[in-house]
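One structure is given here, and the rest of the page talks about it.
The values are calculated or read from the model by the stated rules, or taken from the named source; none is laboratory data. As the structure is a computational prediction, the values presented were derived from the model and not from experiment. Note: ideal-geometry Cβ built from the backbone for every residue, glycine included; neighbour counts use all protein chains shown. Surface accessibility is based on the protein's heavy atoms, side chains included, excluding ligands, DNA and RNA. Shrake-Rupley method; radii C 1.70, N 1.55, O 1.52, S 1.80 Å.
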Amino acid sequence: MQAFTRLDGLVVPMDRANVDTDAIIPKQFLKSIKRTGFGPHLFDEWRYLDRGEPGMDNSQRSPNPEFCLNLPRYQGASILLARENFGCGSSREHAVWALDEYGIRCVIAPSFADIFFTNCFKSGLLPLQLPAETVDSLFREITTRPGYRLTVDLLAQSVLTPKGAVFGFQIDPFRKECLINGWDDIELTLRHAEDIRAYEARRRQQAPWLFQ
Amino acid sequence: MADKTLYDKLWAAHVVRTDPDGTALLYIDRHLVHEVTSPQAFEGLQLAERQPWRPESMVAMPDHNTPTDPGFTTIDDPISRLQVETLDHNARAHELSYFPIGDIRRGIVHVVGPEQGATLPGMTVVCGDSHTSTHGAFGALAFGIGTSEVEHVMATQCLIQKKSKAMLVRVDGQIRPGVTAKDIVLAIIGQIGTAGGTGYAIEFGGDAIRALSMEGRMTVCNMAIEAGARAGMVAVDEVTLAYVKDRPFAPQGKEWEQALQSWRDLHSDLHAQFDRVVTLDAAQIQPQVTWGTSPEMVVAVSDRIPDPAQETDPTKRAGIERALDYMGLRPNMPITEIQLDRVFIGSCTNGRIDDLRAAAAVIKGRKVAPSLKQALVVPGSGLVKQQAEAEGLDRIFTDAGFEWREPGCSMCLAMNADRLLPGEHCAATSNRNFEGRQGQGGRTHLVSPAMAAAAALAGHFVDVRTF
Ligand code: SF4
């Protein structure tokens, strides 16, 4: 997994609550058996006016000129600013893969759906939670300032705005460690293989029907 | 000893180890697998030269991509076909319990797991699918995971987890005739919102939940994720045990007796503390219909569509306006004036035999409205289909003008050929009304099977109680 330590990036605002993973990557792209190829179809139904299908040449399609990712001023953004309950719905990790492949490394929102939140850490993407009022103020600042960038420092757990304001944020210490080091958590878990076997041996005695 | 919640008990029984910060390694008893979220996990396993830790814990089947045309033998879409073939290959290579296309036991993973007894009380159950919460109806801890976690469970039989908070949703009293499990859960989501359960494991309790069949409890737990909770659960009682008994994967003989003893403790103790308690009065719940693009955008069938002008929160107001625009609906319009193009009865929420019986009871001897383009019944599994045919339900549906299909996810998410066209309104018994969920530009209204059946006959929504 790629590590995440510090990010200075252009911010794209997506001003709507309850953005679901069906919207982030529509189902027709989930037919792929690969981990890549999703970035070009990130938010496909919002990003394009026509219906997207796997394998399409996007340069031949008509983009929705009003959609935030298509606005010239947000090209190259690596931070997505969002509203409540971002990533709700389906467990599809393809949503995270699509964001990552597009170039988004951090999503800032007042709240995230649980499964999406967990999935982010598996690809080294930072889901960063800030209070609703803070997110609100960032939305206001973006519209008044072209080229709006934020600096996200995971080590210091802080977000720095162009005006010099600093916001701290909370993150689970274990998840922070994994992100900073880019750890593979299967590797971490397998270090406890003996514990797992001991648990199984014990459990097999108590509840043998679970092991058939 | 302090009283414990059901969630406390399930959690404690599965913790392998806990770090000082509360990060735990949680043991997984059952891993359900389908074609969409597993290929990259199997590939990851192979690339790292790892073997599945306990392949016997896995039960696999294709469901999301499979066609529903009667008697189909192949998948026309080459990309879908490759995905299903990849699962065929992986299941064979690791000698998993597998229900391929053509096997009568195949169906939607959340219908088949319980039906086969692969889901048992007291288990931890995971699947790369958010509606895994369904299996919590058995007094199990069941939740959806992403593909990296699928790989993690394959490789280690464990997940790295932190304990959630516990919420009790208690539905007191009795539901009125014509009101179903689906209406209960939609009413709950309407009350607490789609993020109301975020960070919680929800236990559903109260007389109205106790009175539900296992099918009804599964419907309620299925949509816990639509309230933001990864896991939903219901305590074990005689209804649970009667359902599980003699299922193919269930313990038999002496082990059954032994299992019964441990399962009888799978309920919250009398004075167990929850972090949040929400109560509903069952008698107040009416048949529900969603009007918007989030399951929390729901009202009673006798209500009108909300007016954004009445909403003071600007983000919420913009959300309502956007939803009405997408859905092509006007503020203050009566729900019963929504005209329908298609009706879909099926999915892991409402594709079980009870659901088909409820719909057939409404339809019997009547005809689908001529204005409808399509009315579709998709049983949740091959065995549900077989049972329904044995009861003659298929004839009731087809005589009325419904199509009777092969099992699968179908128009719940439209990964196969069953989908809405842009602008079409659909009464669906599934669980998500997100933009484009049932096909790009499609407009979904979530309802119970009985309400969907009545709507199919009328061509618009009607109160099934007065129909
Ligand atoms: S029926 Fe719908 S919700 Fe259920 S597993 Fe299939 S796609 Fe998901």
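Please find, among B:GLU257, B:GLU238, the residue that is open to solvent by 10 Å² or more (accessible area, probe 1.4 Å) and either among the basic types (Lys, Arg) or more than 25 Å from the chain's Cα centre (by Cα) (or both). Of the residues listed, the single one that is open to solvent by 10 Å² or more (accessible area, probe 1.4 Å) and either among the basic types (Lys, Arg) or more than 25 Å from the chain's Cα centre (by Cα) (or both) is B:GLU257.
Residues in segment B:68-97 that are under 17 Å from B:ARG405 (Cβ atoms), more than 13 Å from chain A (Cβ to nearest Cβ) and surrounded by 20 or more Cβ atoms within 10 Å (Cβ to Cβ): B:THR68 only.
Yes or no, residue by residue, for (1) in contact with a Leu (Cβ under 6 Å, 6 or more places away or on another chain); (2) of a type in the set (A, V, I, L, M, F, W, C):
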position	(1), (2)
B:THR398	no, no
B:TRP404	no, yes
B:LEU413	no, yes
B:ALA417	no, yes
B:GLY423	no, no
B:ASN433	yes, no
B:GLY441	no, no
B:ALA456	no, yes
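Remark: pairs (first residue in segment B:129-146, without any contact (Cβ under 8 Å) to a residue 40 or more places away in the chain; second residue away from the ligand (no atom under 11 Å from the Cβ) and of a type in the set (Val, Ile, Thr); Cβ separation under 6 Å; 6+ apart in sequence or on different chains) = B:ILE145/B:VAL126.
Which condition from (1) within 30 Å of B:LEU270 (Cβ to Cβ); (2) out of contact with any Lys or Arg (no Cβ under 9 Å at 6 or more places or on another chain); (3) open to solvent by 20 Å² or more (accessible area, probe 1.4 Å); (4) assigned to a helix (DSSP H, G or I) is the one that B:ALA2 breaks? With respect to (1) within 30 Å of B:LEU270 (Cβ to Cβ); (2) out of contact with any Lys or Arg (no Cβ under 9 Å at 6 or more places or on another chain); (3) open to solvent by 20 Å² or more (accessible area, probe 1.4 Å); (4) assigned to a helix (DSSP H, G or I), B:ALA2 is out only on (4). Just name the residue that is nearest to B:VAL150 (Cα to Cα) out of those in segment A:154-211 that are surrounded by fewer than 18 Cβ atoms within 10 Å (Cβ to Cβ) and among the polar types (S, T, N, Q). If we take residues in segment A:154-211 being surrounded by fewer than 18 Cβ atoms within 10 Å (Cβ to Cβ) and among the polar types (S, T, N, Q), then A:ASN181 is nearest to B:VAL150 (Cα to Cα). Segment A:1-108 holds helices (runs of 4 or more DSSP H) entirely within its bounds, and those carrying 1 or more residues that are within 13 Å of chain B (Cβ to nearest Cβ) and open to solvent by 30 Å² or more (accessible area, probe 1.4 Å) map to A:44-47, A:94-102.
Scanning segment B:5-51 for residues that are of a type in the set (A, V, I, L, M, F, W, C) and in a helix (DSSP H, G or I) gives B:LEU6, B:LEU10, B:TRP11, B:ALA12, B:ALA13, B:ALA41, B:PHE42, B:LEU45, B:LEU47. Going through A:THR134, A:THR151, A:THR143, A:THR189 one at a time, which residue ends up being in the same structural domain as A:VAL11 (by TED's automatic domain parsing) and without any contact (Cβ under 8 Å) to a residue 40 or more places away in the chain? Selected residue: A:THR134, the only one of A:THR134, A:THR151, A:THR143, A:THR189 that is in the same structural domain as A:VAL11 (by TED's automatic domain parsing) and without any contact (Cβ under 8 Å) to a residue 40 or more places away in the chain. Tell me, yes or no, whether segment B:147-162 has at least one residue that is at the interface with chain A (Cβ under 10 Å from one of its Cβ atoms), of a type in the set (Ser, Thr, Tyr), surrounded by fewer than 24 Cβ atoms within 10 Å (Cβ to Cβ) and in contact with a strand residue (DSSP E or B) (Cβ under 9 Å, 6 or more places away or on another chain). No: zero hits.
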